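The values are calculated or read from the model by the stated rules, or taken from the named source; none is laboratory data. Predicted model only: the values in this text are computed from it and were never measured. Reconstructed Cβ throughout: ideal geometry from the backbone, glycine too, with neighbour counts over all protein chains shown.
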């Protein structure tokens, strides 16, 4: 903390005033100091042997404001009227300065009493002529506290940097030599502070990077742009390599002069390995999808050829008509199963891969600091790319579902399917739907629609029915869907023993929604399928505030 000395034109005027008579000096001096921001008090010594006899002859407005008093309350009082002040060395030092007839800096003094507010004051004294003395002072309490707080903050920051274990944080001089070293740097790179401070930071780079001049390029980029963000292989003391994320930030003073660089390094080897594994998994998945698509194309082509041959031989082989129809129906089933399989793999594997990437990006984002704006922007950009990829995957999966279901909703899709089924099979099909609008998510809508399709397929294949009735209704927190026919019925135990793929598929769809599927069949009395799916709680209706 430094003490402000009185200088400038006012100081010269004060020196000139010393040579003038007292009756002209004091008014002139008071006129000069009246507008100063410093507090100035004029004292007169009444007893040369008693420092308590210094009397306040006058003071400027700043003196009253700084001390928290008034001109009238202080003017005319002697130092003896400030008992607490007499216990300090201030009166004696004022007397010494007066007798030596030379100005003195008393430094920073902590003081306060009934008339003067408590604070830290920077005080200077200067003798005047004819038994008078001037005292100049200012309140430096706030500045003192600010400087103390700043020093404490800097100390905490240094301790924080030193205690960080996950990051290597150190400083470089403008030439790239290490000037500081934290515990995280020692843990990551293997050097102790006394081993590395003073060495050039290029010791952390592999030989290939040194040949290319990578360290110098990174410093030059940081100096020009303010920051350099790079990833690459870095070298430890023992010669082992790790994949590091490195941020170099240029440090400049208020005038823009380069003071050095701050360097932050983080070991992201595990993240890089996960990304490489994920990339390989994605490539493998794409290969599998292409292979399945090729198989499906080949199967479709083979079936088209076989159907064409059977159609040309229809007149000669009427006995095989039932078999041909079964084959065509099986073709449709194979196509649906392949579409379902492809959609499920896209949803599960690619969806899980995207989720893993997004979790890693979120972790990286949380680890960034406010100063790493460039890295945070890169993380946000990658997150948006992952979100866009998820949207694209959902669109592809949506295209594998029936257009009627996507465009018009579940109720319209059920009615359309019933009409199509009745027109195709001649079996009367009736669908009862809830009167109130029913809003379901795509997953539940698709599951109900596929189960209805499979139920109608089973009726057409096995039931020999003339009528099918379907009912969709909502009860409390669940959705109930029933399909009943008047066919010949069947034994559920026998169907389970045969491991019917149609029933297995419907059971699987129900289980995916935490639902329950029951199939009740009695020989000669028809078959009933009951699907129960739990629904999320409905939002509470708004209450009228009127």
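At a glance:
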read-out: Lone unmet requirement of (1) surrounded by 17 or more Cβ atoms within 10 Å (Cβ to Cβ); (2) not in a strand (DSSP E or B) for residue 203; value: (1)
read-out: Subset of segment 78-132 [exposed (fewer than 14 other Cβ atoms within 10 Å of the Cβ), touching a residue at least 60 places away in the same chain (Cβ under 8 Å) and within 54 Å of the chain's Cα centre (by Cα)]; value: 107
read-out: Verdict on residue 219 being within 30 Å of the chain's Cα centre (by Cα), under 21 Å from residue 172 (Cβ atoms) and in a helix (DSSP H, G or I); value: yes
read-out: Test for residue 262: is it outside the structural domain of residue 200 (by TED's automatic domain parsing) and touching a residue at least 60 places away in the same chain (Cβ under 8 Å); value: no
read-out: Residue count, segment 236-284 (criterion: within 22 Å of residue 361 (Cα to Cα) and in a helix (DSSP H, G or I)); value: 15
read-out: Condition met for residue 237 (surrounded by fewer than 18 Cβ atoms within 10 Å (Cβ to Cβ) and not assigned by TED's automatic domain parsing to the domain that holds residue 364); value: yes
read-out: Residue within segment 47-59 that is within 60 Å of the chain's Cα centre (by Cα) and either exposed (fewer than 14 other Cβ atoms within 10 Å of the Cβ) or modelled with pLDDT of 60 or more (or both) present; value: yes
read-out: The one condition in (1) modelled with pLDDT of 90 or more; (2) in contact with a helix residue (DSSP H, G or I) (Cβ under 7 Å, 6 or more places away or on another chain) that residue 221 fails to fulfil; value: (2)
